[in-house]
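S.K.: Below are the structure tokens for one structure; questions will follow.
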Amino acid sequence: MIDPLRLDDADLARTIPLFKAVFGHEVPKALLEWKYSKGMGESWGGSGDCNGELLLHCGLIYRQVVFEGELHRAAQLVDLMAHRKSSGLSRAQSPFFVLIKLILSRLQAPENPYCLAFGFPSERAMRLGEHLGVFRSIDSLFDLVFETKDASWHVPKCHEVGAAEALSTVDELWSRMRRGFRDCSIGSRDAGYFSHRFLSHPSKPYRLLLVKGRLFGRIAGLAVVRDHGEGNLALIDLLSSFNDIPDIFRAVQSWSRLNNYRNLIFSVTSRFAREFEPCATEMRSTEFRIMANPFTDASVLNRLENNWWLTSGDTDYR
């Protein structure tokens, strides 16, 4: 029998051996604290013996999302792990099922009346979650791949900026973005979120690019990028009005060429991948699916399906 328990901030390091056993590498304690400590999220484990060794883990990160025009505190499921000692994962009423169901059933609150939850499981993990009845598939991530290009006179220009200059633009750009995405769900990208997600990350270095029009210097958007290896640059996230997004792509393509990258890669959910496919060189599927809470009302799930703007910036691992 494996009993679920919530880990407090002082006990987060107990998950490190499980990370090592499942993924083959240790996770920095600072990363666990960034995700879970000080009320940012919750870390849940399952221990099956008197030694207290964790055999299962499921974490959640709280995230402000806009759903049908209103802010909700959704839960993002992360760090799902099961030690090889914990057998029978796929059977009904398994400890894994019990742990995930417990977490999902605790989500309803005034700030989350619909029990909203999401995550980015692999296709294999999604199949397991659906089999157990603890995941509902609502979308998939696709990669838009852009060949980098030289700048032209009509393409907005972009330049790298520091944290202070970036933060001075974030709330205005988020206001524009929220208005343009009012018919779909989108995670909040205000200054508080932006600072925590990109400026305070304990291990990943991000570069911030401010995009401006060439004629009048109007700020069109802000892009977050990171080296993706092998001549590729990942566009992790962006802030702009909906109509300015193609210009953000073009400006970052030009910046990428100047910085010796061959390709720019942007991951986004299916509706928007299709919408912006004409801007890209190639659109390709990925292994990542989007899960929702199957215990959410079916009418809400139907309104979320293929209607949520999610990018690499919404994940906890890119």
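The values are calculated or read from the model by the stated rules, or taken from the named source; none is laboratory data. Because the structure is a prediction, the values reported are computed rather than measured. Here the Cβ is made from the backbone with ideal geometry for all residues, glycine too, and neighbour counts use every protein chain on show. Protein only, heavy atoms only, side chains kept; ligands, DNA and RNA dropped before computing areas. Shrake-Rupley method; radii C 1.70, N 1.55, O 1.52, S 1.80 Å.
S.K.: Suppose the Debye formula is applied to equal point scatterers at every Cα of the stretch 1-60; what is log10 I(q)/I(0) at q = 0.16, 0.18, 0.26, 0.30 Å⁻¹?
M.R.: Relative scattering, expressed as log10 I(q)/I(0), comes to -0.46, -0.58, -1.14, -1.36.
S.K.: Once you sort the root eigenvalues of the Cα gyration tensor of the stretch 7-118 as a ≥ b ≥ c, which label holds: rounded (a/c under 1.5), prolate (a/b larger than b/c) or oblate (the other case)? Let's see the in-between values first.
M.R.: Details: a/c = 2.34, a/b = 1.48, b/c = 1.58.
The shape class here is oblate.
S.K.: Please list 3J(HN,Hα) in residue order for the stretch 216-226, calculated via the Karplus relation 6.51 cos²θ - 1.76 cosθ + 1.60 where θ = phi - 60°; whole Hz, with x for glycine and proline.
M.R.: 10, x, 5, 6, 9, x, 10, 10, 10, 10, 8
S.K.: Enter the accessible area per residue of the chain (Å², integer; probe 1.4 Å; all protein chains in place).
M.R.: Accessible area per residue, the chain: 45 Å².
S.K.: Could you name the aspartates and glutamates in cross-link range of residue 212, using Cα to Cα under 16 Å and dropping any fewer than eight places away on the same chain?
M.R.: Correct list for residue 212: 160, 165, 172, 244, 247.
S.K.: Ignoring everything except DSSP H segments at least 4 long, calculate the 222 nm mean residue ellipticity for the chain; use -39,500 (n - 2.57) per segment, divide by total residues, nearest 500.
M.R.: Details: 9 runs with 87 residues, N = 318.
Value at 222 nm, helices only, nearest 500: -8000 deg cm²/dmol.
S.K.: Listed highest first by mean packing, meaning other Cβ atoms within 10 Å per residue, what order do 160-168, 118-126 come in? Let's see the in-between values first.
M.R.: Working: 160-168: 14.1, 118-126: 18.2.
Highest mean packing first, the order is 118-126, 160-168.
S.K.: If we count every other residue with Cβ under 14 angstrom of residue 301's Cβ, Lys/Arg +1 and Asp/Glu -1, where does the sum land?
M.R.: On the way: positive: 136, 303; negative: 68, 130, 139, 297, 305.
With Lys, Arg at +1 and Asp, Glu at -1, the net is -3.
S.K.: What percentages make up the Cα-Cα pair-distance distribution of the chain when the bins are 20 Å wide from 0?
M.R.: Values per bin, smallest distances first: 31, 56, 12, 0.
S.K.: Using a 1.4 Å probe on the protein chains only, how many percent of the accessible area of the chain belongs to carbon and sulfur?
M.R.: Numbers: 7020 of 14260 Å².
Of the solvent-accessible surface of the chain, carbon and sulfur hold 49 percent.
S.K.: Taking the chain as a Gaussian network, where each spring joins two C-alpha atoms under 10 Å apart, which residue of 300, 78, 252 fluctuates the most?
M.R.: Of 300, 78, 252, the most mobile in the Gaussian network model is 300.
S.K.: Continuing with the same structure: Collect residues whose amide H, placed 1.01 Å from N in the peptide plane, falls under 5 Å from the amide H of residue 67; neighbours closer than 5 in sequence don't count.
M.R.: It is 72, by chain and number.
S.K.: A follow-up question, please. If you build a Gaussian network model of the chain, linking Cα atoms that sit under 10 Å apart, which residue out of 76, 64, 93 swings the most?
M.R.: 93
S.K.: If the elastic network links every pair of Cα atoms under 10 Å, which of 67, 216, 276 fluctuates the most in the Gaussian network model of the chain?
M.R.: Evaluated over the chain, the most mobile residue of the options is 216.
S.K.: Report the one residue of 140, 219, 231 whose Cα lies farthest in the direction of the positive end of the charge dipole of the chain (charges on C-beta: Lys and Arg +1, Asp and Glu -1; origin at the Cα centre).
M.R.: The listed residue farthest towards the positive side: 231.
S.K.: Tell me, what is the FRET efficiency for residue 105 and residue 153 to the nearest 0.05, using R0 = 45 angstrom and their Cβ-Cβ distance as r? If you can, show how the numbers build up before the last one.
M.R.: Working: r = 57 Å, r/R0 = 1.27.
Computed FRET efficiency for residue 105 and residue 153: 0.20.
S.K.: Assuming a viscosity of 0.692 mPa s and a temperature of 37 °C, what translational diffusion coefficient in µm² per second does Stokes-Einstein assign to the stretch 29-179, Rh being the Kirkwood radius over Cα pairs? Write out the running numbers ahead of the final one.
M.R.: On the way: Rh = 18.9 Å.
Estimated diffusion coefficient is 174 µm²/s.
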